[in-house]
Each structure stands twice: as structure tokens, then as C-alpha cells.
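Novice: Input: one structure, supplied below.
A short reminder: the numbers here are calculations on the coordinates, not readings from a lab. It should be emphasised that the depicted structure is a prediction, and the values quoted were computed from it without experimental measurement. Using ideal geometry, Cβ is built from the backbone for each residue, glycine included, and neighbour counts are taken over all protein chains shown.
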Amino acid sequence: MMETEGAVAPTLTAVAVMKNGADYVLCPFFGKCDGVLFIEPTTPTAKFVSNPKHDAEGLSGLVMGANAKRFICGYIPDAERKRLSASGVDVRLGSCASAVEELITAFPILPHA
């Protein structure tokens, strides 16, 4: 998946990630994530936005600020799940053993948070 610069489209899928060398993997610790990988469903490109405060509120704010309608994470605190759901985000849980690309493809069958 290629990382790009530029504006974040409103129909993106967001994935809470941590950097693993040059690659991104699903982060198991919600607020501690390095950031969010925004993937445009119609293209194979992605944009990484860092979570500078490494906190739950900041991470949720990145997702809502980008108007993402789908979000994949390894874990989410109940308060943040409710906050994101109330703003229209479909929150799903993914396995940290799966590649980000696999999680995006499997989104419809991932369990709801």
C-alpha cells in the first residue's frame, strides 16, 4: 500500500496503526497507537496521520476530523466507541495478526466493536 500526501476524503476507512519498520500494523492499544492510516476504498493509496498525544481522545478526533465512516482497531474503550458511533462511524475490531490490506477487504465481516 502506497502512502500519499494530501487531503483526506470523506469516505475513507480509518485503521488504528503502529509503525513496524517501514510497514503499518493494526495497533492493539487504542490510545497508544502511532496514528491512523486512512485508506481510500477506490484506490490502493493510503495516508498516515500521526497521533502526537498518544491518547484515546486524540485518536478518535483524527477519525472524526477526517469524516471517516469506517474504522478498524484492535481494541477500543467503551467511551470512545460510543463517541465514534454517535458521529456515524462504523467501528469494527480486527486481528493484529492480519495485514492492514486484509482487514480492509474483510471489513464487512469483522465484528462490531
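Novice: Roughly what % of DSSP beta bridges within the chain run antiparallel, to the nearest 5? The partial results should precede the final answer.
Specialist: Working: 15 of 24 bridges.
Antiparallel: roughly 60 percent of the beta bridges in the chain.
Novice: Separate question: Counting only pairs 8 or more residues apart or on different chains, how many lysine pairs in the chain have their Cα atoms under 19 Å apart? Could you put the intermediate results ahead of the total?
Specialist: Numbers: 19/32; 19/47; 19/53; 32/47; 32/53; 32/82; 47/69; 69/82.
The result is 8.
Novice: Where does each of 54, 112 land when they are ranked from fewest to most other beta-carbon atoms within 10 angstrom? Provide the component values of the computation, followed by the final result.
Specialist: Details: 54 14, 112 9.
Neighbour counts put them in this order, fewest first: 112, 54.
Novice: Per DSSP helix of 4 or more residues, -39500 (n - 2.57); summed, then divided by the residues of the chain. What does that give at 222 nm, rounded to the nearest 500? Each step should come with its number before you reach the end.
Specialist: Numbers: 3 runs with 25 residues, N = 113.
My calculation for the chain gives -6000 deg cm²/dmol from helical runs alone.
Novice: Give me the percent relative contact order of the chain, please, defined on Cα pairs under 8 angstrom at least 6 residues apart.
Specialist: Numbers: 236 pairs, mean separation 31.2, N = 113.
Relative contact order comes out at 28 percent.
Novice: Kirkwood hydrodynamic radius of the chain from all distinct Cα pairs, in Å? Provide the component values of the computation, followed by the final result.
Specialist: On the way: mean 1/r = 0.0741 Å⁻¹.
One decimal place: 13.5 Å for the Kirkwood radius.
Novice: How do 75, 24 line up, fewest other C-beta atoms within 10 Å first? Don't skip to the answer; put the middle values down first.
Specialist: On the way: 75 18, 24 22.
In increasing order of surrounding Cβ atoms, one gets 75, 24.
Novice: Here is a follow-up. How do 39, 109, 72 rank when sorted from fewest to most other Cβ atoms within 10 Å of their own Cβ? It would help to have the intermediate numbers written out before the result.
Specialist: Details: 39 23, 109 7, 72 27.
Starting with the residue having the fewest Cβ neighbours, the order is 109, 39, 72.
Novice: Another question, if that's okay. Identify unpaired cysteines across the chain, taking unpaired to mean no other cysteine Cβ lies under 4.7 Å from the residue's Cβ.
Specialist: Cysteines lacking a close Cβ partner in the chain: 73, 96.
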